[in-house]
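The values are calculated or read from the model by the stated rules, or taken from the named source; none is laboratory data. None of the values given here were measured: they were computed from a predicted structure. Cβ atoms come from the backbone with ideal geometry, glycine included; neighbour counts cover every protein chain shown. When the accessible area is computed, the model is the full protein with side chains, heavy atoms only, and any ligands, DNA or RNA have been set aside. Shrake-Rupley method; radii C 1.70, N 1.55, O 1.52, S 1.80 Å.
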Amino acid sequence: MWHLAKYQRLLHLHSDGKHGIMLPVAVRLGGKRAKKGVCRHMDVQSMAGAAPPANAPGRPVVLRTERLAKHFGRLPAVTNLNLEVYQGDVFGLLGPNGSGKTTTLRMVLGLIWPTEGQVVLFGSPMSDDRQRRAALQRIGAIVEQPAFYPYLNARENLLGVATFAGMPLNAATQARIDEVLMQVGLVPRGKDAYKKYSLGMKQRLGIAAALLTRPEFIVLDEPTNGLDPAGMVEVRALIGQLAQRGITVLLSSHLLHEVQQVCTRVAILNRGTLVAQGEVAQLLAAQSGIQLGFSQPEQLSTAASILQEAAATSAPWLRATRYIRPEPGAWMPPGGWLLLVDAPQERAAEINALLGARGIYAAEVRRREASLEQFFLELTSGQPAPQMSPAFPQMPAMFPPAHARQIAPQE
Amino acid sequence: MPGIPQKSIATPAASGGWLGHTWRLVRWNVRLARRRLMSKILLSILLAGFALLIGALLLLYLFISSAVTSSQLSSPAPTPISTVQQGEGTPVPITPPPGATGPSQAEIQQEKQQFASLLTFPEDFVLVGGYTTFLGTILICILAGALAGNEYSFGTQRLALSYGVSRAQVLAGQVGALAVLALSVAGGMLILGVLVGLTFGPLLGGVIPTIPPAGLLQLIGFWLVVSLYLFAYALIALLLATLGRSTVAGIAGSLGYLLFESIGLPIIIAVAALLSGFSSTDFTGLQAFFLGPNLSGLLSGVSQSPLDLAAGGTSSSGGTIVNPISGLQGLLVLLLYCTAFIGLSYLVLRKRDVTT
């Protein structure tokens, strides 16, 4: 039998698994193929209860979305979204344009109403007015771009935020305003009207507003938008400092390198659907392995079959295979797909020997260290990459056109 | 960014209940209105217009006074204006009949007194009230449309909602701020009226009556009604700005309605009367369904108070203001309209996604 441990862990089937990861299509060599399109985040149902799910990292859940959906007319913007953000997480919400990130954040903040499902913040459902108000007063947020009164200066705008948050307008609040302005480096321009600010300064003021109430949970939608590289580094450092203080951060960003550096957990949305959720390290580990490239496209499926057979008999350390697209600019076989083998990396030579014994020779064998960017692109790019050769007639039949093609060899 | 200091100031905890928080939002909205350049321009227009009106009245008064003076100087007796040759005899002067060349001294004097009373406290309240309900209404519609519409265009409503302000509080904050602004504008203008009346009235020969405590209450009632007048139209602007999610919708819509009531409605009634063969007075009942005529009815009711006070607390003999719609009816219809405007705005806001 093929060893299932790794994917079992990924699919939360591990009895003592601690960190949830959801993948769109599970591939387990020697096991049952998971049904495509079904959310495989284990204990999804149990999340609705008050008790933390079995796979929870032992921290309270700050934000939970339960079967959340939003339709704009007939257009589904978000569908059946089950997210969980734990206390202390720096949680990255990723997805291409139009994937439903901002719609999700808007629903989390009560700006728009879900069509189905619900948002639970600090254990309170957002559908209740009073509880929503109480929960939102514990949150700092920037959604889309920062929004302030253009004719007011930074201090006055922050005074407005303090008013919205229900803070008393006294000397202590003024002192706190000064403090956050200092934190974001806006003190010298504190008396200038907001309309005179550059995009980066507006973003800084947005961050200052998010920090003003010393929230327990901060929602940042593209916080580095408009910032120069130094500003981006500062924001990253700031997020790190917030995390050190135990503040939970929900971050939406396109800058995947940044997300990889600061986030502990991520969720990836595509076309309004959650396609992956889990710890960054584990997600990336799942994408690492031994990468095989073949000069003949037919060899790809043959190699997969050989490895499947071997996994069942002589090579139990072989855990899974899947077809992957090469990274942009990297070498690729004529069909444009590579075979990623989930196996200990020191077994690369043995894999090559297994294939060679059956007359299949890989043109390339190498260790693959996945990046979040590559993982993201694999999950979210719906169309084949431009560099893919059309000369691989079997491929469309073998691989459905959706993204994140993971396949299991014939069982 | 320097980052989070190790020892930072304790954040003041959120304080106050729903009402306390809403009152802070009202104050915040008033502050926003005060800080706008547009508000300053609108206030300047209102004050400049008032100054022009007073100036024009003073000039008219002076003109009439000079007419009276010249007529007094030239005529202890009627002046012959021509002679007629009667045959061979001497010319005989012909005296013009009284009133043939213009108003009599008594009429001019009366007109002069009327101008003086217009600028004398408390009768000048009627003038100030009329001016405020005309120009003030237009200006407060512009301000209200901008106050509500800009929350969408700036995206600041999103900011408020994301910090736990409920939609009801957003609306209550705006409605409360408009009420404060209406009271302030009406109050400010009436205070100006008091100053003008106390300054120019005695100078022009007017007599300022002693106002009894009950009279003060009447004047306060007048102030409240003028404020209500402004507030009702401001609510139209608020509703339309909320519906249209824009400043333009609020301003254009409310001013359009104002124009319709002032010009369109009388024209429609006249045309309807013409086509149906009835008298236009038969259609007066139609007006009772609209906001403006009811407000005018209410205002007419309270406008009697300053006139009565000027007449020494009794019902004044002259200048009685008559309106087919009674003050009570006007008040009831006004309250109904205000409730409808606020209720509709809330329904729109409650159901709506804030995506801008």
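Across the stretch A:227-261, which residue is nearest to A:Thr104 (Cα to Cα) among those that are assigned to a loop (DSSP other than H, G, I, E, B) and within 14 Å of another protein chain (Cβ to nearest Cβ)?
First pass over the stretch A:227-261, keeping only residues assigned to a loop (DSSP other than H, G, I, E, B): A:227-228, A:245-247, A:253-255.
Then keep just the ones that are within 14 Å of another protein chain (Cβ to nearest Cβ); that gives A:227-228, A:245-247.
Details: A:Leu227: 24, A:Asp228: 27, A:Arg245: 26, A:Gly246: 23, A:Ile247: 20 Å.
If we take residues in the stretch A:227-261 being assigned to a loop (DSSP other than H, G, I, E, B) and within 14 Å of another protein chain (Cβ to nearest Cβ), then A:Ile247 is nearest to A:Thr104 (Cα to Cα).
Scan the stretch A:128-135 and give yes if some residue there is more than 9 Å from chain B (Cβ to nearest Cβ), assigned to a loop (DSSP other than H, G, I, E, B) and either open to solvent by less than 10 Å² (accessible area, probe 1.4 Å) or under 30 Å from A:Val275 (Cα atoms) (or both), otherwise no. Among the residues of the stretch A:128-135, at least one is more than 9 Å from chain B (Cβ to nearest Cβ), assigned to a loop (DSSP other than H, G, I, E, B) and either open to solvent by less than 10 Å² (accessible area, probe 1.4 Å) or under 30 Å from A:Val275 (Cα atoms) (or both), which makes the answer yes. Test A:Gly166 against the criterion of being open to solvent by less than 40 Å² (accessible area, probe 1.4 Å) and on the phi > 0 side of the Ramachandran plot, and give yes or no. Considered against the rule, which asks whether it is open to solvent by less than 40 Å² (accessible area, probe 1.4 Å) and on the phi > 0 side of the Ramachandran plot, A:Gly166 comes out as yes. Applying the criterion of being farther than 17 Å from A:Ile207 by Cα and either surrounded by fewer than 22 Cβ atoms within 10 Å (Cβ to Cβ) or not aliphatic (A, V, I, L, M) (or both) to the residues of the stretch B:147-165, the residue that is farthest from the other protein chains (Cβ to nearest Cβ) is B:Gly149. Has the stretch B:136-144 got at least one residue that is open to solvent by 40 Å² or more (accessible area, probe 1.4 Å), under 21 Å from B:Met38 (Cβ atoms) and at pLDDT 85 or above? Yes: one or more hits. Considering the conditions (1) assigned to a helix (DSSP H, G or I); (2) within 19 Å of A:Pro223 (Cα to Cα), A:Glu144 is excluded by exactly one of them, (1).
Would you be able to say whether some residue in the stretch A:86-99 is open to solvent by less than 10 Å² (accessible area, probe 1.4 Å), within 13 Å of chain B (Cβ to nearest Cβ) and modelled with pLDDT of 90 or more?
Pass one, the stretch A:86-99, residues open to solvent by less than 10 Å² (accessible area, probe 1.4 Å): A:86, A:89-95, A:99.
Those left that are additionally within 13 Å of chain B (Cβ to nearest Cβ): none.
No, the stretch A:86-99 contains no residue that is open to solvent by less than 10 Å² (accessible area, probe 1.4 Å), within 13 Å of chain B (Cβ to nearest Cβ) and modelled with pLDDT of 90 or more.
Check whether at least one residue in the stretch B:29-38 is away from chain A (no Cβ under 14 Å), within 22 Å of the chain's Cα centre (by Cα) and free of Cβ contacts under 8 Å to residues at least 60 places away in the same chain, and report yes or no. Steps first, please.
Taking the stretch B:29-38 as the starting set, the residues that turn out to be away from chain A (no Cβ under 14 Å) are none.
Within the stretch B:29-38 (the criterion being away from chain A (no Cβ under 14 Å), within 22 Å of the chain's Cα centre (by Cα) and free of Cβ contacts under 8 Å to residues at least 60 places away in the same chain), the answer is no, since none of the residues qualifies.
Evaluated against (1) small (Gly, Ala, Ser); (2) touching a helix residue (DSSP H, G or I) at 6+ places or on another chain (Cβ under 8 Å); (3) farther than 30 Å from A:Val275 by Cβ, A:Gly95 falls short on exactly one condition, (3). The criterion of being touching a strand residue (DSSP E or B) at 6+ places or on another chain (Cβ under 7 Å), open to solvent by less than 60 Å² (accessible area, probe 1.4 Å), more than 30 Å from A:Ala267 (Cβ to Cβ) and touching a residue at least 24 places away in the same chain (Cβ under 8 Å) does not hold for A:Ala343.
Taking into account only those residues within the stretch A:137-158 that are closer than 13 Å to B:Tyr163 by Cα and over 23 Å from the mean Cα position of the chain (by Cα), which is farthest from the other protein chains (Cβ to nearest Cβ)?
A:Leu158
Take the residues in the stretch A:100-119 that are of a type in the set (Val, Ile, Thr) and touching a Leu at 6+ places or on another chain (Cβ under 7 Å); name whichever of them is surrounded by the fewest Cβ atoms within 10 Å (Cβ to Cβ). Only one residue tops the list, namely A:Val119.
Quick one: would you say A:Gly190 is facing another protein chain (nearest Cβ under 9 Å), without any contact (Cβ under 8 Å) to a residue 60 or more places away in the chain, more than 31 Å from the chain's Cα centre (by Cα) and open to solvent by less than 10 Å² (accessible area, probe 1.4 Å)? No: the conditions fail for A:Gly190. Of all the criteria given as (1) within 29 Å of A:Glu116 (Cα to Cα); (2) within 14 Å of chain B (Cβ to nearest Cβ); (3) surrounded by fewer than 24 Cβ atoms within 10 Å (Cβ to Cβ); (4) β-branched (Val, Ile, Thr), the one not satisfied by A:Thr273 is (2). Within the stretch A:226-247, at least one residue is farther than 17 Å from A:Gln145 by Cα, polar (S, T, N, Q) and either surrounded by fewer than 23 Cβ atoms within 10 Å (Cβ to Cβ) or modelled with pLDDT under 90 (or both). A count restricted to the stretch A:160-174 and to residues that are assigned to a helix (DSSP H, G or I), within 37 Å of the chain's Cα centre (by Cα) and facing chain B (nearest Cβ under 7 Å) stands at 5. Filtering A:Leu199, A:Leu181 for residues that are surrounded by fewer than 23 Cβ atoms within 10 Å (Cβ to Cβ), more than 10 Å from chain B (Cβ to nearest Cβ), in contact with a helix residue (DSSP H, G or I) (Cβ under 7 Å, 6 or more places away or on another chain) and of a type outside the set (Lys, Arg) leaves a single hit, A:Leu181.
Taking the criterion of being of a type in the set (A, V, I, L, M) and touching a Leu at 6+ places or on another chain (Cβ under 8 Å), the residues of the stretch A:168-189 that qualify are A:Leu169, A:Ile177, A:Val180, A:Leu181, A:Val184, A:Leu186, A:Val187.
So that you can scan it fast, the table gives a plain yes or no per residue for (1) open to solvent by less than 40 Å² (accessible area, probe 1.4 Å); (2) closer than 30 Å to B:Leu183 by Cβ; (3) within 14 Å of chain A (Cβ to nearest Cβ); (4) at pLDDT below 90:
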| residue | (1), (2), (3), (4) |
| --- | --- |
| B:Gly49 | yes, yes, no, no |
| B:Leu52 | no, yes, no, no |
| B:Tyr61 | yes, no, no, yes |
| B:Ser66 | no, no, no, yes |
| B:Ser74 | no, no, no, yes |
